[in-house]
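A short worksheet on the structure shown next.
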Amino acid sequence: MNAPLKIGIAGLGTVGSSVFRLLEEHAALLSSRAQRPVAVTAVSARNKGKDRGIHLGNVKWHDNPVALADDKDVDVVVELMGGAEGAAFDLIARALENNKQVVTANKALLALRGGEVLALLKKSRGGISYEAAVAGGIPIIKGLREGLAANKIRAVYGILNGTCNFILSEMSSTGRDFSDVLKEAQAKGYAEADPSFDVDGIDAGHKLAILAGLAFGCVPDFSAVQTKGIRNITPLDIEFAEELGYRIKLLGIARQTEKGIEQSMEPCLVPKSSPIAHVEGALNAVYADGDYVGKILMMGAGAGGKPTASAVVADIIDVARGRTLPLLGLAPDQASALKPANISERIGSYFLRLIVLDQPGVIADVSAILRDCHVSLESVLQRGRSPGQPVPVILTSHETPEGDMLKAVGLIGKLKSVVEPPHLMRIETFGSG
Ligand code: NAP
Ligand code: HSE
């Protein structure tokens, strides 16, 4: 048997403790698959005394996680602390300086500091594996970087945040309250340390930026992702969307266009007949569209300790087998800067929820603005009758440039009879009409 691969884990929270447990429980299986034993030799976390439900035994403890990078008994640094700043970046940088292999689940760091990471990689004989950073247990990084390596990728899109999908599914199926479901997602270990990253679409936007970088061979650029979260979605939106034949999903879309790369992460209405409408709970689903392969779909658990540990340990096995690949599937200096497309030129149809005073002329005023902005209506729905009182009105549009729709919504929001900020969502039919 070959020499053991020595692992140092920084971070023993939801993911780190699951990784530790998996490595212990499947030690024999992993050692036969990797053709060498895989052993945790050192760990680090903030609080040494915390009960994590794991037995550390003789494993060395470092108060400072960056010390793992200099530890002679660590071949692979597994970074599971999170955050783009501070200890996580310092640890990864030091490990690469020491020509070590790094395995991480840290999407924030890769999406926000991908350029710096590539610069470090240029000078290192080490490498970074990051399957767990996108879509939890789904092997989408392997899928894009290896399985689809022969294709020009036209688009990557899907559901990339387990917490949001869990919240939207529960709100839709049980009518439960947003904050109550968020608490449950936190208890199940789906949410980020700061759950606003989840519900504001930031975490999923980080993942989309990484997928776009990999798919299109460019440095991940989160600043070019149009990001909206799910806080404004009300039971009323869910109810009306259902009535119109749609479900609401937080959807990420990265698309190569003639004018550059479009990246958006926002709640969208998807037809109930589409497979993505039926992705429920903390599941994620990712489509990739390649010029030779066509569309492929991968679906599975997108968050939580065990599925994420599955992805982290798959990377560790690759390292043990000596099979590591460049970050974006090409040499670090071949990654280009991302050229963003102007998203306001994107064409789409829209769902607009208004709360208006039930009085004569309101719909006429709204229609006049839409007409002046060249937006054509497909349907108008109003439920109930309460003269002089606020009532919901739902409009759906035909296909229109996003910029025209946004201009119209801005003007509609200023009408005296519109008593709440309008809520606009894209209807995404994935090119199927
Ligand atoms: P978590 O439960 O909050 O755990 C974070 C761990 O890092 C804790 O053990 C914490 O120590 C330790 N830590 C934080 N800052 C530290 C520092 N400066 N020095 C030493 N230790 C430090 O987070 P998590 O959910 O496991 O997530 C870890 C990473 O995986 C993040 O990048 C996250 O985005 C990513 N991820 C998470 C999931 C998921 O479903 N949870 C899925 C995919 C990817 P203490 O325990 O002592 O406080
Ligand atoms: N907070 C993330 C989610 C964890 O809910 O999807 C997985 O990356």
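The values are calculated or read from the model by the stated rules, or taken from the named source; none is laboratory data. None of these values were measured; they are calculated from a predicted model. Methodologically, a virtual Cβ is constructed for each residue, glycine included, from the backbone with ideal geometry; neighbour enumeration extends over all protein chains shown. We work out accessible area using only protein heavy atoms, side chains counted, and drop any ligands, DNA or RNA first. Shrake-Rupley method; radii C 1.70, N 1.55, O 1.52, S 1.80 Å.
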Gly189: under 25 Å from Pro326 (Cβ atoms), small (Gly, Ala, Ser) and either outside the structural domain of Gly82 (by TED's automatic domain parsing) or surrounded by fewer than 18 Cβ atoms within 10 Å (Cβ to Cβ) (or both), yes or no? no
For the condition outside any loop (DSSP other than H, G, I, E, B) and farther than 17 Å from Asp237 by Cα, what is the one hit in Arg371, Arg323? Arg371
Just checking, does the range 300-320 include any residue being open to solvent by 60 Å² or more (accessible area, probe 1.4 Å) and away from ligand 1 (no atom under 16 Å from the Cβ)? no
Working carefully through the options Gly114, Gly136, Gly127, Gly143, find the one that is in contact with a helix residue (DSSP H, G or I) (Cβ under 9 Å, 6 or more places away or on another chain), modelled with pLDDT of 95 or more and either in the same structural domain as Leu208 (by TED's automatic domain parsing) or closer than 30 Å to Thr429 by Cα (or both). Gly136
If I ask for residues that are more than 10 Å from ligand 1 (Cβ to nearest atom), over 18 Å from the mean Cα position of the chain (by Cα) and not charged (D, E, K, R), which ones from the range 83-114 would you list? Phe89, Ile92, Ala93, Ala95, Leu96, Asn98, Asn99, Gln101, Val102, Val103
Quick check on Ala254: is it aliphatic (A, V, I, L, M), in contact with a helix residue (DSSP H, G or I) (Cβ under 8 Å, 6 or more places away or on another chain) and within 25 Å of Phe197 (Cα to Cα)? yes
From the list Ala191, Ala204, Ala212, exactly one residue is among the small types (Gly, Ala, Ser) and away from ligand 1 (no atom under 12 Å from the Cβ). Which is it? Ala212
Being surrounded by fewer than 16 Cβ atoms within 10 Å (Cβ to Cβ) and closer than 20 Å to Ala309 by Cβ is the filter here, so list the residues in the range 53-82 that pass it. Gly53, His55, Leu56, Gly57
Is there a residue in the range 246-267 that is surrounded by fewer than 18 Cβ atoms within 10 Å (Cβ to Cβ), part of a loop (DSSP other than H, G, I, E, B) and in contact with a strand residue (DSSP E or B) (Cβ under 8 Å, 6 or more places away or on another chain)? no
By residue number, the members of the range 326-337 that are assigned to a loop (DSSP other than H, G, I, E, B) and surrounded by fewer than 22 Cβ atoms within 10 Å (Cβ to Cβ) are Pro326, Gly329, Leu330, Ala331, Ala337
Do the conditions hold for Asp198, that is, is it within 16 Å of ligand 2 (Cβ to nearest atom) and open to solvent by less than 20 Å² (accessible area, probe 1.4 Å)? yes
So which strands (runs of 3 or more DSSP E) are wholly in the range 24-131 and hold at least 1 residues that are within 30 Å of Gly205 (Cβ to Cβ) and among the β-branched types (Val, Ile, Thr)? 76-79, 101-104, 127-129
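Regarding Ala282, is this residue open to solvent by 10 Å² or more (accessible area, probe 1.4 Å), within 12 Å of ligand 2 (Cβ to nearest atom) and touching a Pro at 6+ places or on another chain (Cβ under 8 Å)? Even if it seems obvious, please write down each step before you answer.
On the way: open to solvent by 10 Å² or more (accessible area, probe 1.4 Å): yes; within 12 Å of ligand 2 (Cβ to nearest atom): yes; touching a Pro at 6+ places or on another chain (Cβ under 8 Å): no.
Spelling it out, it is not the case that Ala282 is open to solvent by 10 Å² or more (accessible area, probe 1.4 Å), within 12 Å of ligand 2 (Cβ to nearest atom) and touching a Pro at 6+ places or on another chain (Cβ under 8 Å).
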Of the residues in the range 381-415 that are under 29 Å from the mean Cα position of the chain (by Cα) and among the charged types (D, E, K, R), the one that is least open to solvent (accessible area, probe 1.4 Å) is Glu402
